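Chemist: Before anything else, here's the structure in question.
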Amino acid sequence: MTRIKPLVLVLLCLALQGGLLTPSWGDEPTKTPGKQPNLLIDVSAGLINAAVQRSIDRTGPVREVIQDTPVQGTSRTIGAVWAELVPNTSHGVIDVALRGNVYSRTIATRPFVLINTATETPLEVRNRVLIDEKGICIYHGPASATATTTLLDISSRAEPDFIAIRVAEQGYHRSKRNAEAESASKAAWRASKYLADELSATLTAAGKVVKAIQETGLAVEYMNFSTTATSIHTKVRVGTLGKKEASAVPTLPAEIDLGVRIHESVLNEAARIMTGGKSFGVHEVNRFYEKVSLGLLLDGRSDHDKKDLLKNLEAVLTDLVGKETMITLAKNDPLIVSLGEQTFTAEIHVASIASPRAAYAGSRVKAAYRIEHTKEGVHAVRKGPIQFVLAEPTKQLKAAPPTFVFAQEVLFAEIFKERLTLAPLPMPALISKLQLSAPRAATRDGWAGLVWNLK
């Protein structure tokens, strides 16, 4: 049995990036006691099988002992690997199976003789992957194999050789059935171990993504798994420190391969952890944008236009307020995202803007967007002007002078672009090889729904 770190944090990585939903949702009842889940991930049997399935044509050495006789040679395994879901109400359960034939040519070494044989072994082996809140376990499952051995040659190293060969041939036929059974058992064991080693390597690689997600500081209060014949369902509750509770969970449309439903409170908590209280140089426009967008939204302009504009913009901001002027975001609510009916608003809370000579009161800046779809993916188009409200001065923070106010307006006109594009999903390696449709999205009542289908 092999145990890997919790899969749900890998799935959380998926949730913070993209997918395909229709705007007309229903409400999904939840059987989870206590607080509502605020992150749900559904993965279809078809997608899991597409990620796992492959053909095998593998050649390797054979060194083993059959019926107390050393055997050496080569084997070739030709077959196919696929995945099936196993219904379960409390776990994610996947059976990964290998079915094929093992063809081997070996030489058995007995006193005074060498026995040359060919063996064909049809087999099917299964490994079970079990996913729960503690992590991922891999178990060796049932295996079946039947070996058929053909005697090719017997050579003797003793005289008279015909006697040694005759005795060896009689012994071969007497032990043939038992030898075939033992050979089949060991061939099945080798195939099962090969399958488990491949799965372990894949899941260990996923563990690196897990570690990166854990370092964000998001607290998982609970995670529930269940499996049907068609999908694995994951319900997660991320701690959100008193933020707005998730409303009734919207349902996904039918016939999707990957679906993510995430509540705005999770996005706002991620923003608090990642950007709360952080400071940026006013001229660091690109770095500031990457942080406050959480890596989710890209500039819709061409790279050439963007590069020239950023260069000029950074020069303007440096001339206005100096290169050492810093913007500091609010500690508790640096970014607030609100999700409506195919729309969302984003509000950035600047706690202060400070030069080496003085610190000034910040501002709240808000923009509203509507969601659009094209064949390339999901886009956000700004609705109306950017709302810019200066904070009241305090004993510690003076009212910002006009140049500092203008610098903020220039900066946020670039941050809240007229058109944004959903960033590509950083899929785990096992899924990245698959061809998925362009993502689509829907938002409603504080929820974002994101889904893909296999092409």
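Chemist: For segment 348-397, name all the residues that are surrounded by 15 or more Cβ atoms within 10 Å (Cβ to Cβ), of a type outside the set (A, V, I, L, M), more than 21 Å from Phe288 (Cα to Cα) and at pLDDT 90 or above.
Modeler: Arg370 - this is the single residue of segment 348-397 that is surrounded by 15 or more Cβ atoms within 10 Å (Cβ to Cβ), of a type outside the set (A, V, I, L, M), more than 21 Å from Phe288 (Cα to Cα) and at pLDDT 90 or above.
Chemist: From the list Val62, Val129, Val113, Val71, pick out the single residue that is of a type outside the set (Asp, Glu) and within 30 Å of Phe225 (Cβ to Cβ). Working first, answer last.
Modeler: Details: Val62 fails: within 30 Å of Phe225 (Cβ to Cβ); Val113 fails: within 30 Å of Phe225 (Cβ to Cβ); Val71 fails: within 30 Å of Phe225 (Cβ to Cβ).
Answer to the selection: Val129.
Chemist: Within segment 217-237, can you find the residues that are modelled with pLDDT under 90, exposed (fewer than 15 other Cβ atoms within 10 Å of the Cβ) and either polar (S, T, N, Q) or outside any loop (DSSP other than H, G, I, E, B) (or both)?
Modeler: Within segment 217-237, Glu221 is the sole residue that qualifies.
Chemist: Residues that are among the hydrophobic types (A, V, I, L, M, F, W, C), closer than 23 Å to Ile41 by Cβ and out of contact with any helix residue (DSSP H, G or I) (no Cβ under 9 Å at 6 or more places or on another chain): find the helices (runs of 4 or more DSSP H) completely inside segment 245-347 holding 3 or more of those. Working first, answer last.
Modeler: On the way: elements: 264-275, 285-292, 303-321.
Here the list reads 264-275.
Chemist: Right, something else. Considering only residues that are acidic (Asp, Glu), at pLDDT 90 or above and part of a helix (DSSP H, G or I), which ones fall in segment 140-176? Reasoning before the result, please.
Modeler: Pass one, segment 140-176, residues acidic (Asp, Glu): 153, 159, 161, 169.
From what is left, the residues that are at pLDDT 90 or above are 153, 169.
Passing the criteria: only Glu169.
Chemist: Take the residues in segment 60-77 that are among the aliphatic types (A, V, I, L, M) and touching a Ser or Thr at 6+ places or on another chain (Cβ under 8 Å); name whichever of them is nearest to Asn178 (Cα to Cα). Explain how you work it out, then say what you get.
Modeler: Residues of segment 60-77 among the aliphatic types (A, V, I, L, M): 62, 65-66, 71.
If we keep only those that are touching a Ser or Thr at 6+ places or on another chain (Cβ under 8 Å) too, we end up with 62, 66, 71.
Working: Val62: 18, Ile66: 9, Val71: 15 Å.
Checked segment 60-77; the qualifying residue nearest to Asn178 (Cα to Cα) is Ile66.
Chemist: Checking the structure you have, find out if any residue of segment 408-418 is assigned to a strand (DSSP E or B) and either surrounded by 17 or more Cβ atoms within 10 Å (Cβ to Cβ) or free of Cβ contacts under 8 Å to residues at least 60 places away in the same chain (or both). Walk me through it before giving the result.
Modeler: In the first step, residues of segment 408-418 are kept if they are assigned to a strand (DSSP E or B); the result is none.
There is no residue in segment 408-418 that is assigned to a strand (DSSP E or B) and either surrounded by 17 or more Cβ atoms within 10 Å (Cβ to Cβ) or free of Cβ contacts under 8 Å to residues at least 60 places away in the same chain (or both).
Chemist: Hey, does segment 57-78 have a residue that's among the hydrophobic types (A, V, I, L, M, F, W, C), at pLDDT 95 or above and closer than 13 Å to Gly100 by Cβ?
Modeler: yes
Chemist: Okay, moving on. Among the listed residues Ile107, Ile66, Ile41, identify the single one that is buried (at least 16 other Cβ atoms within 10 Å of the Cβ) and closer than 23 Å to Met223 by Cβ.
Modeler: Numbers: Ile107 fails: closer than 23 Å to Met223 by Cβ; Ile66 fails: closer than 23 Å to Met223 by Cβ.
That would be Ile41, the only listed residue that is buried (at least 16 other Cβ atoms within 10 Å of the Cβ) and closer than 23 Å to Met223 by Cβ.
The values are calculated or read from the model by the stated rules, or taken from the named source; none is laboratory data. Keep in mind that what you see is a predicted model, and the values were worked out from it rather than measured. Note that we place each Cβ from the backbone using ideal geometry, even for glycine, and neighbour counts take in every protein chain shown.
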